[in-house]
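The values are calculated or read from the model by the stated rules, or taken from the named source; none is laboratory data. Bear in mind the structure is a predicted one, so any value in this text is a computation, not a measurement. As a convention, Cβ positions derive from the backbone with ideal geometry for all residues, glycine included, and neighbour counts pool all protein chains shown.
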């Protein structure tokens with residue numbers, strides 16, 4: 001797992017009270033297309049992609065890469081949580097060498113409002129703290145994305161700065177390696193700093209191309 005460190009990938013599935021967090025599979029392809037094509041999911045991410053374009057571009061097993069967890073509920077994918085190294089060229093860093101681990105997430109609209117994003121992100125953060133203890137995690141989202149800001153606070157992220165990127169004001173937060181800020185199921189969902197592009201890409205202003213989740 002070169003992106004995040006010397007960690008074997010894929011890991012064993014992570015189970016929470018209501019979800020299973022696992023590596024992606026071929027059966028998730030249609031849900032990935034729904035995520036990229038949804039106007040609601042991409043309100044703060046530069047807009048959705050055309051569905052016909054996605055049908056052609058999304059690989060048979062999308063998201064099969066280190067750091068991407070599929071969130072499964074009742075046997076079906078409801079969203080994804082990602083951890084990526086933040087690009088050194090982008091604004092927002094807390095380490096001298098940059099390349100911080102950055103949290104991101106995308107959830108289907110029908111899964112919003114049940115606290116799944118909070119539950120899934122908290123579990124992934126706990127997993128990361130176990131494999132790379134003491135390492136901080138960052139998150140970036142648009143100031144206008146109030147749901148993502150509430151979730152960031154619930155997860156224990158503290159504001160570390162603000163800046164302009166992708167034509168919008170961004171909120172940049174950090175969670176130190178010992179933090180544990182999740183207090184149970186809540187209402188936040190949708191999109192957050194997740195694809196390593198700005199809600200840790202998702203919430204910022206641009207999402208990765210389908211090829212970026214191959």
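Hey, among 71, 152, which residue is modelled with pLDDT of 95 or more and part of a helix (DSSP H, G or I)?
Testing whether each residue is modelled with pLDDT of 95 or more and part of a helix (DSSP H, G or I) leaves just 152.
Please go through the range 74-93 and give me each residue that is part of a loop (DSSP other than H, G, I, E, B) and surrounded by fewer than 18 Cβ atoms within 10 Å (Cβ to Cβ), ordered by number.
74, 75, 87, 88, 89, 91
Condition check: surrounded by 16 or more Cβ atoms within 10 Å (Cβ to Cβ), closer than 24 Å to residue 37 by Cβ and in contact with a helix residue (DSSP H, G or I) (Cβ under 6 Å, 6 or more places away or on another chain). Does residue 105 satisfy that?
yes
I need a count of the residues in the range 28-47 that are touching a helix residue (DSSP H, G or I) at 6+ places or on another chain (Cβ under 8 Å), over 20 Å from residue 165 (Cβ atoms) and not in a helix (DSSP H, G or I).
2
Go through the residues of the range 151-159 one by one and say whether even a single one is more than 28 Å from residue 6 (Cα to Cα), crowded, with 17+ Cβ neighbours inside 10 Å and out of contact with any strand residue (DSSP E or B) (no Cβ under 8 Å at 6 or more places or on another chain).
yes
Collect the residues in the range 88-139 that are out of contact with any strand residue (DSSP E or B) (no Cβ under 9 Å at 6 or more places or on another chain), under 17 Å from residue 68 (Cα atoms) and at pLDDT below 95, keeping them in residue-number order.
Within the range 88-139, 130, 131 meet the criteria.
Scanning for something surrounded by fewer than 23 Cβ atoms within 10 Å (Cβ to Cβ) and under 17 Å from the mean Cα position of the chain (by Cα), does the range 54-64 turn up at least one residue?
Yes: the range 54-64 contains one or more residues that are surrounded by fewer than 23 Cβ atoms within 10 Å (Cβ to Cβ) and under 17 Å from the mean Cα position of the chain (by Cα).
Inside the range 24-50, can you point out the residues that are surrounded by fewer than 18 Cβ atoms within 10 Å (Cβ to Cβ), modelled with pLDDT of 95 or more and either over 23 Å from residue 115 (Cα atoms) or in contact with a strand residue (DSSP E or B) (Cβ under 7 Å, 6 or more places away or on another chain) (or both)?
Once the filter is applied, which keeps residues that are surrounded by fewer than 18 Cβ atoms within 10 Å (Cβ to Cβ), modelled with pLDDT of 95 or more and either over 23 Å from residue 115 (Cα atoms) or in contact with a strand residue (DSSP E or B) (Cβ under 7 Å, 6 or more places away or on another chain) (or both), the range 24-50 yields 25, 26, 27.
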